[in-house]
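A.B. asks: Once you've had a glance at the structure underneath, I'll fire off some questions.
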Amino acid sequence: MCGIFAAFKHEDVHAFKPRALQLSKRIRHRGPDWSGNVIKNTTILAHERLAIVGLDSGAQPITSPCGNYTLCVNGEIYNHIQIREQFPDYPFKTLSDCEPIIPLYLKHDIDTPKHLDGMFAWCLYDSKQDRIIAARDPIGITTLYMGRNSKTPQTVFFASELKCLTDDCDSIIAFPPGHVYDSKTDQITRYFTPDWLDEQRIPENKLDLTAIRESLESAVRKRLMAEVPFGVLLSGGLDSSLIASIAARETEKANAQATLDNENANDETSKAHLTGVDDEGHLHNGGWSKLHSFAIGLPNAPDLQAARKVAKFIGSIHHEHTFTLQEGLDALDDVIYHLETYDVTTIRASTPMFLLSRKIKAQGVKMVLSGEGSDEIFGGYLYFAQAPSAAEFHTESVKRVNNLHLADCLRANKSTMAWGLEARVPFLDRDFLQLCMNIDPKEKMINQAEGRIEKYILRKAFDTSDDPEAKPYLPEEILWRQKEQFSDGVGYSWIDGLKDTAERVISDAMFENPKDHWGTDIPTTKEAYWYRLKFDALYPQKTAADTVMRWIPKADWGCAEDPSGRYAKIHEKHVNA
């Protein structure tokens, strides 16, 4: 991950350059390792780099050897090696996973993003045609915004975060996932068109538990591509625990293979160039010999207790961090500044993640795996138990996946990148989505009478209890632990503390008089009102709020107004919460 900023067809690009560099600096937290910029014609591209792959030669913007094509990318391209092999005659200049986008463009033009497997937001400038192409990954794991100013309509701005555009643009959108912009037509078009995107199409594919397990394992494996230390975010819930378990197995396999390669090396010189484990237990590629896991919560929180069990079971080197209610409250303004949203659910969950990310970065880690996406794919939120039919269950699932870029993906990306930490999300792998979003939703529905709790089929896919020869992935009590939303699992007093503080800060008179510029987007709780005031103070421009989506529970399913999972009818209370 990195940070990008671009201004296409600026009326005085050279005079604008100092301003552009200052705007790019606003997202230097996303890329603290290096900064770069290129001006071609009347277009400037700026880049703030977080080095994960191609450490020595992956600086951006990347310019083609002929000088005609300039590329700025925020993301990771997992199939970059396969793409390179398709272009044996292209004179690659770097080892970056992003550079293959240029020869792909020369061959496939506007269809380039269709051939990428990864998480990304990028701008490619073609100086021969005075043309810019911008694209965002299929689900919107990586953030991207697009803006214009009505006084200079020919200029188009792009940036990784909203804060780069609010002062110069009077029209800003969150660039839609799975879409590509072409300045030649001045149009944004969808390139990602899987069959499951149609909310009204109810799939009927049969359940294949083995396929689910193998597909997720493959998704984790490809996301271990890194030349720096990495770890996993481990809440102790099903999703993060599965990712951690698979990653621990893959790390163990990689170390075993590295050791074997070293033993088979002919001499000490060749051994030194192999990826292996040194005397201090570190991998030569900059990683660690064992997987490191990271958890956070209020003291004695449910997540911390569960995460300890998982870490011990999978053999990870575990790092447990706690925070106080006051520390969380003190961080709220910074959290909202980085998140660029006032959504209650997102802010509640982002604050612990924001605090944990700072701790992780301080421990020398630059990349983590995370469990976002599973609840949307499998209907894992407890309110899904109130779905009146399989068809409505599926329709809601598709809507939640389509809105991930405004919710959990936004949270995971911005909470971690606030500290220059990259989060990768295996559950949102393109192939895994294609498989699991096409399963008959009847298989996903929650049915307590039949013992089918939320995400039952995902749990069963990794349940080895009927095979005495198989190595279990997780302890049984974790594999079958009820869903706790992250903002609940870090300690119930976290949400209670937020509500209590909002009750003190926002008077009844204030709450009964919403701001005129909020229009119909009126907060329904004092907590939501409080967050909106904080957002407005940080982003007073009206256009900023246009990029925000607030998630409201489905009242027509009889859901509680509060989005916390513990208000769902089937939630089990925990004594030590």
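A.B. asks: Give the calculated FRET efficiency between Q257 and Q305 to the nearest 0.05, with a Förster radius of 25 Å applied to their Cβ-Cβ distance.
C.D. replies: Efficiency at R0 = 25 Å is approximately 0.15.
A.B. asks: Neighbouring Cβ atoms within 10 Å as the yardstick, rank W480, W494 fewest first. Spell out each step's value before the answer.
C.D. replies: Numbers: W480 15, W494 26.
Neighbour counts put them in this order, fewest first: W480, W494.
A.B. asks: When the label point is put 7 Å from the Cα of E250 along its Cα-to-beta-carbon vector, which residues of region 91-119 have a backbone N closer than 19 Å?
C.D. replies: Correct set: 97-98, 116-119.
A.B. asks: Turning to a different aspect of this structure: If I model the chain as equal point scatterers sitting on the Cα atoms and use the Debye formula, what is log10 I(q)/I(0) at q = 0.05, 0.06, 0.07, 0.08 Å⁻¹?
C.D. replies: One equal scatterer on each Cα of the chain leads to -0.21, -0.30, -0.41, -0.54.
A.B. asks: Let me ask you something else. Compare the Cα positions of F175, I522, A537 along the charge dipole of the chain (+1 at Cβ of Lys, Arg; -1 at Cβ of Asp, Glu; about the Cα centre) and return the one farthest towards the positive end.
C.D. replies: Ranked along the dipole, the leading option is A537.
A.B. asks: Residue separation times 0.36 nm, minus the C-alpha to C-alpha distance between L55 and D500: what's the value?
C.D. replies: 155.5 nm
A.B. asks: Can you tell me the dipole magnitude for the chain around its Cα centre, using point charges on the Cβ only (Lys, Arg +1; Asp, Glu -1), in Debye to the nearest 20?
C.D. replies: 880 debye
A.B. asks: State the answer as a single residue: which of F378, M437, M417 lies farthest towards the positive end of the charge dipole of the chain, with beta carbon charges of +1 for Lys and Arg and -1 for Asp and Glu, about the Cα centre.
C.D. replies: The listed residue farthest towards the positive side: M417.
A.B. asks: By how many nm would the segment from D334 to S507 lengthen if fully extended, with 0.36 nm per residue of separation less the alpha-carbon distance?
C.D. replies: Values: separation 173, 0.36 × 173 = 62.28 nm, distance 2.34 nm.
Once the chain is fully extended between D334 and S507, it gains 59.9 nm.
A.B. asks: Tell me, what is the percent relative contact order of the chain, built from C-alpha pairs under 8 Å that lie six or more residues apart?
C.D. replies: 15 percent
A.B. asks: Can you pull the percent of Cα pairs in region 5-75 with separation above 14 Å?
C.D. replies: Tail of P(r) above 14 Å: 58 percent of Cα pairs.
A.B. asks: Let me know the charge dipole size of region 457-556 about its Cα centre in debye, to the nearest 20, where only the beta-carbon of Lys, Arg (+1) and Asp, Glu (-1) is charged.
C.D. replies: Roughly 380 debye for region 457-556.
A.B. asks: When the label point is put 7 Å from the Cα of N41 along its Cα-to-beta-carbon vector, which residues of region 135-158 have a backbone N closer than 20 Å?
C.D. replies: Answer for this model: 135, 147-149, 152-158.
A.B. asks: Using helices alone, what [θ] at 222 nm do you get for the chain, with -39,500 (n - 2.57) per DSSP H run of 4 or more residues, divided over all residues and rounded to the nearest 500?
C.D. replies: It lands at -10500 deg cm²/dmol.
A.B. asks: Would you mind putting 89-96, 415-422, 334-341 in packing order, based on average other-beta-carbon counts within 10 Å, highest first?
C.D. replies: Details: 89-96: 14.5, 415-422: 24.5, 334-341: 22.2.
In decreasing order of mean packing, 89-96, 415-422, 334-341 become 415-422, 334-341, 89-96.
A.B. asks: Once a ≥ b ≥ c are taken as the square roots of the eigenvalues of the Cα gyration tensor of region 2-193, is the result rounded (a/c under 1.5), prolate (a/b larger than b/c) or oblate (a/b not larger than b/c)?
C.D. replies: Rounded, because the longest to shortest axis ratio a/c is under 1.5.
A.B. asks: Another question, then. Zone of A537 (label point 7 Å along Cα→Cβ, backbone N under 20 Å): which residues in region 318-335?
C.D. replies: What the label zone holds, given the 20 Å backbone N cut-off, is 325-335.
A.B. asks: Additional query: What do you get for trypsin sites (Lys or Arg not before Pro) in region 105-159 restricted to DSSP loop and a cutoff of at most 14 other Cβ within 10 Å of the site's Cβ?
C.D. replies: Answer in residue order: K128, K151.
A.B. asks: Right, something else. Among K151/K399; K366/K414; K309/K359; K499/K534, which pairs are too far apart, with a Cα-Cα distance over 24 Å?
C.D. replies: Beyond 24 Å: K151/K399.
A.B. asks: Which aspartates and glutamates have a Cα lying under 12 Å from the Cα of K93, excluding residues fewer than 8 positions away in the same chain?
C.D. replies: Candidates past the 8-residue exclusion: D56.
A.B. asks: With a point put 7 Å past each Cα toward its Cβ, work out how far D562 is from Q434 in nm, to one decimal.
C.D. replies: Modelled inter-label distance: 4.3 nm.
A.B. asks: Given labels modelled 7 Å from the Cα in the Cβ direction, how far is it in nm from D130 to F92?
C.D. replies: 3.4 nm
A.B. asks: Given contacts defined as C-alpha pairs under 8 Å and at least six residues apart, what's the relative contact order of region 26-118, whole-number percent?
C.D. replies: 23 percent
A.B. asks: Taking amide hydrogens as modeled 1.01 Å from N in the peptide plane, which residues meet the under 5 Å criterion relative to A51, leaving out close sequence neighbours?
C.D. replies: Those qualifying (amide H under 5 Å, at least 5 residues apart or on another chain) are D33.
A.B. asks: Label R28 and W518 with points 7 Å out from Cα along Cα→Cβ: what is the distance between them in nm?
C.D. replies: Placing both labels 7 Å along Cα→Cβ, they lie 3.6 nm apart.
A.B. asks: Using Cα-Cα distances under 8 Å and only pairs 6 or more residues apart, what relative contact order does region 475-553 have, in percent? Each step should come with its number before you reach the end.
C.D. replies: Values: 23 pairs, mean separation 18.2, N = 79.
Relative CO of region 475-553 lands at 23 percent.
A.B. asks: While we're here: When the Cα centres of region 8-42 and region 68-137 are compared, how far apart do they sit, in Å?
C.D. replies: Between the Cα centres of region 8-42 and region 68-137 lies a distance of 20 Å.
A.B. asks: Related question: Just how large is the dipole of region 2-193 about the Cα centre, in debye to the nearest 20, putting +1 at every Lys and Arg Cβ and -1 at every Asp and Glu Cβ?
C.D. replies: Numbers: 21 positive and 22 negative charges, 82 e Å.
Around 400 debye, computed over region 2-193.
A.B. asks: Now, a different point. Multiplying the sequence separation of E199 and D167 by 0.36 nm and subtracting their Cα-Cα distance, what value in nm do you get? Intermediate results must be reported in sequence, preceding the final value.
C.D. replies: Numbers: separation 32, 0.36 × 32 = 11.52 nm, distance 3.69 nm.
Computed gain between E199 and D167 is 7.8 nm.
Throughout, read-outs are computed from the coordinates displayed, never taken from laboratory work. Remember, predicted model here, so these are calculated numbers, not experimental data. FYI the Cβ positions are ideal-geometry reconstructions off the backbone, even for glycines, and counts take in every protein chain you see.
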